[in-house]
Each structure stands twice: as structure tokens, then as C-alpha cells.
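The values are calculated or read from the model by the stated rules, or taken from the named source; none is laboratory data. Remember, predicted model here, so these are calculated numbers, not experimental data. Virtual Cβ from ideal backbone geometry, glycine too; neighbours counted across all protein chains shown.
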Amino acid sequence: MLDLALHSTVVDEHSLGVGYSCPCGCTPAVTYRRGDAAALEGCCCGNEFAVGPDAAMRVSRRPGFDIRLDSVPAPWAEVVPVAWAIGPSAHPAEDHDHDGVESDIVVPST
Ligand SMILES: [Zn+2]
Ligand SMILES: [Zn+2]
């Protein structure tokens, strides 16, 4: 099974940075704020990544894409659902850039 290397970073007590390693080689990430609808990031390869209570509803259901579900612990003692739509493409598009959330503190998910 594809390892998406889900990881999360505590931004502050009300927000959580969550990212993964996409099969295409980039590392999309979003910041989810407590109480918000799911944060969504589309990768250049067509995959989608969502973090929040309605994550599974936010990713597109498209032919050839697998829906993957996981969750990460949040600093406010909840578990935040994570969802992906993972397609067959492992190659980034030419226009390859993301506004990633970067931090030194990376908490591996369990
Ligand atoms: Zn990308
Ligand atoms: Zn990708």
C-alpha cells in the first residue's frame, strides 16, 4: 500500500498543520483551524488532500481515483479526519508549486 507519510505539526492551540508526501514527489500541506470546514489542497499531479471534520466529503470522487482516509490527533484533544483522492499519476505537472506549511516540529502520526 502506498505510504503517504502523513504528518502533522502543531501550529498553535487552535490550528494544526498537516501534510503528506505525494507519490509525485511534492509535499502538499494545509493548516486546519479548529471549528473550520475542512482545508483542501490539490496537488499538481491531480491528487487531492483534505483535513477537517468533513474531509471525506471535500475530496473529489473521480474515475480512477482512490479515496484514502486517515486521521491525526489535534492539540485540542480531538482527532481530525484526513482524506485523499489519489489518482494514477505520479508525475508532477510543469507548473509545480505549493504554499506549503513548513516547520521544524514534525509529529509523526501513529
Ligand atoms: Zn504537487
Ligand atoms: Zn502530487
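Scanning the stretch 57-75 for residues that are of a type in the set (A, V, I, L, M, F, W, C) and either crowded, with 17+ Cβ neighbours inside 10 Å or modelled with pLDDT under 95 (or both) yields V59, F65, V72, A74.
Residue count for the stretch 98-108 satisfying the condition of being at pLDDT 60 or above and either within 16 Å of ligand 1 (Cβ to nearest atom) or surrounded by 15 or more Cβ atoms within 10 Å (Cβ to Cβ) (or both): 1.
One residue alone among A29, A50, A38 is at pLDDT 95 or above, crowded, with 18+ Cβ neighbours inside 10 Å and either over 9 Å from the mean Cα position of the chain (by Cα) or of a type in the set (D, E) (or both), and that residue is A38. Residue count for the stretch 43-85 satisfying the condition of being of a type in the set (V, I, T) and free of Cβ contacts under 8 Å to residues at least 40 places away in the same chain: 4.
From the list V18, V80, the one residue that fits, being crowded, with 16+ Cβ neighbours inside 10 Å and over 10 Å from the mean Cα position of the chain (by Cα), is V80. Of the strands (runs of 3 or more DSSP E) that lie entirely inside the stretch 1-97, those containing 2 or more residues that are within 15 Å of ligand 1 (Cβ to nearest atom) span 29-33, 39-42, 48-51, 79-86.
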